[in-house]
Structures are given as structure tokens and as C-alpha cells.
Amino acid sequence: MIKIESLKAAIGGKEILKGLDLEIKKGKVHAIMGPNGAGKSTLSKAITGHYEVEITGGDILYKGESITKMEPELRALKGIFMSFQNPVEVPGVTNAYFLREALNAKMEFEGKEPLNPADFLRMAREYCEILGMDPKMLNRSLNVGFSGGEKKRNEILQMLILKPDFIILDEIDSGLDIDALKAVSQGINRLRNADRSFLIITHYSRILEYVKPDYVHILKDGRVTKTGDYSIVKDIEERGYSEIGERL
Amino acid sequence: MREIELLKSDPGTLGDFCGAKEEKFVDMLKSLKMPSKEVEHYRYFDMEYLLSKNYYLIDKKSSRSAENSNRLVFENGYLKEAPKEFISRSGFSAQEHFDPVYPLSHLLSCERVSLEIDRDVTLEVSHVNTLKGALGAYRISLRIKSGAKVLIKERFEGEKGSGSLILFGWDVDIQEGSLEFVTISEPKSEGAVFVGSHYIRADKESFTGYRSYALGSGTVANIALIELEKSSRCEASHLVFAMERASVANITKIVHKKSDAATRQKSRHVLKDKAQAVFDALVRVEKDAEGASVHQENRTVLLNDGAYMVAKPQLEIYIDELEASHGSTTGQIDPQELFYIRSRGIEELKAKKLIITGFVNELIQEAPKECIEEIGVAFERLFATE
Amino acid sequence: MSDERKKIEKAVTQDYDLGFSVDIEEEKAPAGLNEEIIVYLSKKKNEPEWMLKKRLQAYKIWKKMKEPHWAHIKYDPIDYQSISYYAAPKKRPKTLEEVDPEILRAYEKLGIPLEEQKQLAGVAVDAVFDSVSVATTFKEKLKEVGIIFCSISEAIRDYPDLVQKYMFSVVPMSDNFFAALNSAVFTDGTFVYVPKGVKCPLELSTYFRINAQNTGQFERTLIIADEGSYVSYNEGCSAPMRDENQLHAAVVELIALKDAHIKYSTIQNWYPGDEKGVGGIYNFVTKRGLCAGERSKISWTQVETGSAITWKYPSCILKGDESVGEFYSVAITTRAQQADTGTKMIHIGKNSSSTIISKGISAMRGQNSYRGQVKIHASASGARNYSECDSLLIGDKCGAHTFPYLESKNASATIEHEATTSKISDEQLFYLRQRGLKEEDAVSMIVHGFCKEVLSNLPMEFAAEAKDLLNLTLEGSVG
């Protein structure tokens, strides 16, 4: 699905990713864990084409194609989706309107007919129910005045509607209570299948109890320093990041 | 037709041109002084330059022959159509005004029409100018009585009237009832310049909606003094889409004269190219106006460097029993918002449009249905690629 | 008027504690302004020829200018020919010991025991008494690190290169009517130069005082912070009670070079006049700082409680890239005081940023206006401004006004302005009183809370003084 080769990336002139290698396999759930400042968010920004990130070396191949110079919307249309750590508020633009615009852009890109408003709304309401969201949220301005939990659920709602191929969940569990965490996990698990890949970026292991990863990577100081299976998570819980790092 | 050099004229003789000499306006203009950069609200809107150009003055017509119609139409300075049923004999005007163009347009006016309306009505008003290099002035006086709800929709056509300046204005007395005043201008860079200087007196428990939409590339100014009596409410909103070398001024002074009046004022500016706009809005709460509620809000997006915004939301308050606040922001489209939307697969231009739509949404919701299309067209022009 | 309101009004006023006058002999120029007076003044001060030329040039400019009247203030016309433009104590002490005991006693009454200044940790004082410096302390200590801290008259004689280079460079003599007048007739003031990389080890302070009847005060201050240096300068004022209005037209110029930081704090508590508006100081001040270099920073903090009229806009020209301008202000107007004060933040440099926090408090017949300009030039990409201007009204005869001018010519710049106007809420008062606070203490507490953001920016020594001053202004004989 995605192959990252000795990626170097800087933010504001400061190099943060220092030759990162990572391969994410089709149909698998990968988790990236690491201490604060390791470069986890920079990695997600680099993959999605955030304006702050400057790629200074290496490459990101998505479905075999280099995407480092691609516009962010084209990456999205090709199936890359990121659930933002802090989704921005866009006043005056309703959630429903935005979702339909985004979905129609994708339909158009794939050469399909756009969904009519009634069908769209039916679908959106259905997903709201799954996520335990009040359908009234569809008529509110995008993320404006949403609580932390509501924003995260709204990200997952967008994910369910857009059905992307590669999904990055950036600190999806931060600030969520247990009910919200369960609802969000349910949304994620619903999309798991043999063709879709996930990259879960997290500081804690909480989310990983609900969404079991196939692979776990440890990111430290801009590099992947360890790759393994779910057992690494246990190691971190018991010994913390520093000791794991030292063992390498 | 006579040539006129306004800035060199003495206020005392200005009225002689049209025989509209009224001491009240002569004195008013003398004390306010001719418009110049020294007049605070013309510091950023170059009225002095507009008045310094050479024009020929549209004279008073010898015989009036306005057709009866359900609209009010001014063409090249004269009244062309008017609803006869509302014509009244007595006019109405302000005793005091802050804007020198107000007495100036009174003194120069070759045409005055007085209306009195006592039932719910929608009045469409057209200001047409096809003359070149002309200076026209006219005034409309309106009394609203018996709880009537009056909706005025004002439009302008001046694209053929290059080099012309039209000084006009409304004097509205809302005795009992409500006014919804909607003025939509689409100034063109080579077209006539319309400057409206108004006075609205809102009597107790009345409602005033004062909404201006300036959508275009030319010069336009909307100036209003609104006086609020007891328990009256005023909603003022201003939407500006300006591009090329547009110069747009929204200048208001809303005075709370008596208690429990409320003002809500909102403006949204989207400026492109070398467009400049000034939002100069003062709300004054006088000594007897306790219980006032005042909220002003201005927000501006500059689409490129070189666009120029001057925002002056002002509060002048002489009592302590009130709630008052204002806020103003000027900036660009938030790059984080833009990235978020693009990351969902929406291309850049469309994402920008989406954000701007959200930005002006509140004001568009308030606009009369008929205006939505025009706003939409101007909106598209903002994003048209050269 | 309700009992409640009377109490509050009482709580925000009280007789002017510092209203007294000291008898000392003075040397005074005849009233009036003309070229001869300027020549006399310049000679009296042993000034070099170039300074006299500058003064005469400024006088010519001033004569052609008109007194500005755009501010939201009303006052009787000022007769500039009835003012005496030079007054100095006859005895000129060279050391503290030589200072006129009368003056020292006056300072003690003001709570500024000059004799104890040397023991006062970390504070050096250049006391300006009626236009001429009478004593300067801690100079030696400052000299060790190369800081020049002296009267502007001395600087003109001893450091002509620095003065000629920087004086009038931030506030040109033609800047405005009052600046032109000051440029022609300024009598004395303070000069500070902080060399490259030096962090000034002391808070520099000066106390101003208007004493001589009918003497205009025309202070001139010039502070230059060279690359990478830091200086904090405090200015505090008090004046004795007089019936005739006294004009004060000071000019302050600050220059911060690359990576330099100047912090300028003011406490102004000159005689405000009585309830009817009689007497009191007319304070027309031009204060401006130039952030000339990259990452330079100028912070203005002011607590304005005095003067009959305050006309004052400490400003920053943010020329350097990433330079920073700050303005923190508390202005209180009671009785018949009028204040029209605020700031200008002129953004020229890229990523320059400015913050404006203004708190206006109006009581009795006081009129308080915030007037602030934020101007973002086309060159100032990424510039940011944030302004917050709040007004608190106490009583129904006062006024609070907010006049922002927000201009932007750069699309990547951001301006944010917020303002509110409110009175002390009855619920707040009740809540505090229900908890056992006296009404005046409750009012004082609320006002302190309202001003907190600004007061916390004052240097330590000053903050305590400001707090006392607020209490003094707000305190009465309630309860």
C-alpha cells in the first residue's frame, strides 16, 4: 500500500524525520508508537502533504507512485485519509454540505455519478447512528463548537462516508472517554477489510486494545527503531519508551 | 447644463444652482465643511477627489412628468416612475447630520420626492445613470405609518455613465412600523459613482433593517445616520465583494437616543486585487439611552496582497446601563482550514470558495431571496481566473 | 441618585493626596514664546550651536502648525504666549547631599525618599524637578557596564554624535503640533544608551514633577538600546495642586536595534483637577518607539490615573523583521477628567507582531477614549496583531469610547480586535459583599481583576506602587 524510503522531512527548517523507512501492507493495521517529539505527527503530515512539511530527502510511494510532490486533494482522491489530531473549525460551512462536496469530488474523480442529496442524507444519518452521533450535528457548522469527542466522531464519520483505502488515525484516542473510544473503534473496525490499510499513530496503547494492530513500529528521533507485533505494546507498557530504545 | 466646481464653491451659493436653497442645509454644510481628507470618515474614501473633478450639473427640470408605476425609478437625475398613491406633499429631513455630503446632496438636489406609506409594501427602486461626466443629486423622503412594514430594494445601473457622480439619499421617518432597506450596488470600474447619504429616524418600538451589498469593481459609498428611539431595534449588515480597483465605503452612525434600543451590526468583506474598503461604523449611546444593547462585528478576508481594508468599529458610550461589544478581524483564508478541506479531496479553488461561502453565509441568509443570485454572480467573479 | 451609586462614586474619588506645593526659589524666563526666548533657553543651558539651530527650525515648523482637535476631549484654548518656557531651581546641586532639603522633603511626601534611593535595591533615579536634573544616582554602577544614563542636556554636550544621530529620528519635529513645540523648547529629560549585548542590571527610573506655576513642562527622553541589549525604564509622575491648567508636552523616543528589548513603564498621577474640571494638568505626550532591527522588541506599559486631559499614544514602528510591539494600558478617569489614549502599531517588517491590551475605567464625569491604530503595510507578510480593549463604567454620567483604526494591506497578515464595554455588575458586587467584603473593597477588587493583565506587566517595584495608586484613586470614605 505505502512504502516510505529513507524519508527526511523538516518543519520550519528543523529536520524531524531523519531517514525513516516504513512499509505498510495492504489489508493490514499498523500502529506507530513513540514518545512526544519523535516525529509521529510529522510523518502523517508528510504523507498527506501538509504545507508546513518540507521533504528534504527520500520518497513516499503510494500504490507504487511517488506522492511527495502531489497536491493534498489529489492524495485524498487517490484514497489517503487522515483523521486529524485537532480538526479545525470552519465557520458557516455545514457539516452535511461539506461531506457531500467531499464525497462528490471523490465520485467525480472515480467517474461515478454523484449521490443525490436524499440518498446522501440517509447514508450520513445511518453512520451517525453507528457512531452514536446526533444527526443534528450534520446541520451544524463544520467542527464549530464541537466537543473533543464530537470532533473525533466526526472524523470517523467522514472516514465512513469517503471509504478511503489508506487511513491515518493521528492520536484518535486522545481526549476520548470510554464510550466515545468504543464508538470510534467500532467505526474503524467496520472498515477493516482485505484491501484497506490503517496507520494508527498513538502515544498510548489504549486504542490498540480495541483496534488490534497487525504490526507495531516504534518511532524515535525521526526513525523507525523497532518493528514487531502486538507484543511490543506490552513491552512499552511495562518498561516505557526509553528502555525499549536502549535495547536496540 | 452648467459646469460646476464643487470644492471651490461656497456653501451659501450652492443652493442657487437648483433653487433648492435651504438655510438649514447651508448652515449644516458650513459647520461640517466641504468633504475633504480632514473629515474623518473621508480619510480612507476619497470624496475630495470625486468632488474635485469637473462635472456638468443636472439642472432642475421645468416640468415634472413622472409616470405612475409601482416602482420608483430615477434616470439621469430625474424621477421617471413613481407610485402615485404614496406621493405626499410634506417632506422630512434631518436637523443634524455628521456627513457633509448629506446637506450637499440636499442643496444640489434637482429632484425631490416625498412618500408616505401606511401599509405593508415592497418598493423596488432603480437608480439609472447613462450620462457621462454629469453630477446629479436627488432626495427621497419616506414616512412609514400605521405599523406598516416596508421593504425597499434598491438597485443601481451606471455602467454606461462613466465620469458621473450621483449624490442621492433617503430621509426615512419610521413612525410606527418597520423598514427593511436593502441596497445592492454592483459598481463598475468605468461606471457612474453613486454616493448615498441617508438619514433614518426610527421611532419607538420600530424595526430598521439596513443592509448594503456592494459587489463589484467600482466606487460606491453608503452613508447613514440612524437614530433610535425607545425600544427600537436596528439590524445593519454589510456585505462587500470588491475586486480590481474598487473603492467601497460603508459609513454608519447609529445613535441610541432613548432607552432599551438594540443595535446589531455585522459586516463581511472579501477583497481582491487592488480593491479597498472602509468600514467606519460608530454606535453612540446617549445619556438617556439606558438598557442599550450594542454588538458590532466586522470580518475581512484579503485574497491577495495589495487589497486594502480599513475597519473602524467604534463605540461612544455615555451611560453605564448597557451591554456593548465589538470585534473585528482581518486576515487571509486560514491555511489550516484550507488544508483540512483539501485533505478530504476537494481541490484548492473549490475549497477556498467553500470557506468564503461559510464566511459570508450568515449575511447571505439574511439577504432577500431575489438578491441571492446577484450575490452568487459576484461571488464567482471573485474567483474567476484572469 | 441612589445611595448605592453615591457610595460607589465616593469610592472612586478622593482628595488629591499629593496636592501640595513646595516653596523654592526659581529662575524663570518671562512668559511667551519667540526666537529670543529659545536663544535665551539654549544659552542658559550652554548648548552647542547645532542644537540651537534645531530648536529654531522646530519653532518655525511649530508656528505654521495648528493645534489638533480630533481627539475626544474638550478644553479651553491654550494661550501659548502666557506660558513660561524655562524654570530651574537656582541652586544646582552636584551630589545628593547638595539637593535642596525642600525638594527632598517633597519627594518624601510623595513617597519617594530620594535620600534612601541609594539603599533601594536595584533602582537608579534621575529625578527631574521642574525641567532640570537635580540629582542622579547609581551612575557609576551603570558606567561599569558602559551604560550612559544622564540628563538629555548633558548628553547634548557630552554625546553629541549619539544625540544627533537619534534625536528626531523616531519623532520628527514636524510630527505633530505638540512634538514640534517640544522640539523647540524642551528643557530637560533623560538620555539612556545601552551598548551592544548589555543587559541593564537595574530598573532605570525617573520621577517627574511639575512645580513652578505657569511653567510648561517639556521633557524630552531618548533611549537607545544597541544590538542584543535590554533595558527597563520606569517613569512616574506627580504634581501639586494648582488652579491654573498646566501644559505638559513631552516627547519620548525609543530605538531598539537588532535583538534589543526596551521595556518602558509609566505611572502617571498628576493633579487631575477638581470635580468641576478646574485645574489639573493638560498632558499632550508623543511617545514612540522604533523597532529598527530584526527581533527587536518594545513594550509600553502605562497606568494613567491623573491629569485633567491625557492625549497620549505610545506607539511602535515595527520595522525589523520579527520585531515585537506591546502596549498595556490602564487609564482611569474620574471627576471631570478626559483621557484620549491608545497606541499605534505600524507593521512594516515581515512576521512582526503586536499586542494591545487596554483597560479603561470611567467614573463620575470622566470621559475615557481608547484610540488605537493598527496599520499593516504591504511589506509586512505574516504580521499579526491582537487587540483587546475593555471599558468599565462606574456611574451614569461618565463615558467610555473605543475608536480602533484597523488597516491591512497584506493578505497574509492577521488583525484581531475585540472590545467590550460594561459596568461593574450588581451580581459581582453582591457576591463579594455577601462574602463579607466592604463595598469599596469589592469595587477595588473587581477593578484590580479588570486591570490584572496590564498590572502584571509592570516591573515589581512599580507594580506595588500602581496597586496603591489604583486603591488611592478608588478608595474613599465608604463604610
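Okay, here's what the table says:
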| item | result |
| --- | --- |
| Sparsely packed GluC sites (Glu not before Pro) within the range B:307-360, loop by DSSP, other Cβ within 10 Å at most 16 | B:Glu321 |
| Helix B:369-383 axis, angle to chain B major axis (alpha carbon atoms, nearest 10°) | 60 degrees |
| Rh by Kirkwood over Cα pairs, then Stokes-Einstein D for the range B:252-362 at 0.692 mPa s and 37 °C, µm²/s | 208 µm²/s |
| DSSP beta bridges in the range C:216-324 [antiparallel fraction, %, rounded to 5] | 0 percent |
| Most mobile listed residue (B:Ser93, B:Ser126, B:Ser343) in chain B, GNM with C-alpha springs under 10 Å | B:Ser343 |
| For the range C:423-452 and the range A:44-98, distance of Cα centres in Å | 52 Å |
| Nearest-20 debye value, the range A:2-239 charge dipole, Cβ charges on Lys, Arg, Asp, Glu | 240 debye |
| Contact surface C-B: accessible area buried, both sides summed, square angstrom, 1.4 angstrom probe | 2700 Å² |
| Loop sites in the range A:18-88: chymotrypsin sites (Phe, Trp or Tyr not before Pro), DSSP, at most 16 other Cβ within 10 Å | A:Tyr51 |
| Relative contact order %, chain B, counting alpha carbon pairs below 8 Å whose residues are six or more apart | 9 percent |
| In sequence order, calculated HN-Hα J values of the range B:275-285 (Karplus, 6.51, -1.76, 1.60; Hz; x Gly/Pro) | 5, 10, 9, 10, 10, 10, 10, 10, 10, 10, 10 |
| Fluctuation leader among A:Ile130, A:Ile218, A:Ile200 - chain A, Gaussian network, Cα springs under 10 angstrom | A:Ile130 |
| Distant-in-sequence amide H partners of C:Ile415 (H built 1.01 Å from N, under 5 Å) | B:Thr330, B:Gly331, C:Asn385 |
| Antiparallel bridges, percent of DSSP beta bridges restricted to chain B (to nearest 5) | 5 percent |
| Estimated vicinal HN-Hα couplings, Hz - the range A:202-216 in sequence order (Karplus 6.51, -1.76, 1.60; Gly, Pro = x) | 8, 8, 9, 9, 3, 4, 6, 6, 9, 10, 6, x, 7, 10, 10 |
| Residues of the range A:34-76 buried by at least 40 Å² on assembly (accessible area, 1.4 Å probe, chain alone as reference) | A:Tyr51, A:Pro72, A:Glu73 |
| Cα centroid separation - the range B:322-340 against the range C:38-55, whole Å | 53 Å |
| Of B:Asp273, B:Asp16, B:Asp260, the one that fluctuates the most in a GNM where chain B has Cα springs shorter than 10 Å | B:Asp16 |
| Nonlocal Lys pairs with alpha-carbon distance under 29 Å, the range B:98-203 (8 or more apart, or different chains) | 6 |
| Contact surface A-B: accessible area buried, both sides summed, square angstrom, 1.4 angstrom probe | 2100 Å² |
| Surface share of carbon and sulfur [accessible, 1.4 angstrom probe, percent] for the protein assembly as shown | 47 percent |
| Average accessible surface area per residue within chain B, 1.4 Å rolling probe, Å² | 36 Å² |
| Positive-end residue, the protein assembly as shown charge dipole about Cα centroid, Cβ charges, pick of C:Gln434, B:Gly358, B:Pro313 | B:Gly358 |
| Complex-versus-alone comparison for the range C:404-450, residues with a loss of 40 Å² or more in accessible area, probe 1.4 Å | C:Pro404, C:Tyr405, C:Leu406, C:Glu407, C:Ser408, C:Lys409, C:Ala411, C:Ile415, C:His417, C:Ala419, C:Thr421, C:Lys423 |
| The range C:28-79: trypsin sites (Lys or Arg not before Pro) falling in loop per DSSP and having at most 14 other Cβ within 10 Å | C:Lys66, C:Lys74 |
| Accessible surface, per residue, of the range A:2-239 when the full set of protein chains is kept, probe 1.4 Å, Å² | 42 Å² |
| Beta bridges by DSSP in chain A, antiparallel share as percent, to the nearest 5 | 60 percent |
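The values are calculated or read from the model by the stated rules, or taken from the named source; none is laboratory data. This one's a predicted model, so the numbers in the text were calculated from it and none came from an experiment. Neighbour counts run over all protein chains shown; Cβ positions are idealised from the backbone, glycine included. Side chains included, ligands, DNA and RNA excluded: accessible areas come from the protein's heavy atoms. Shrake-Rupley method; radii C 1.70, N 1.55, O 1.52, S 1.80 Å.
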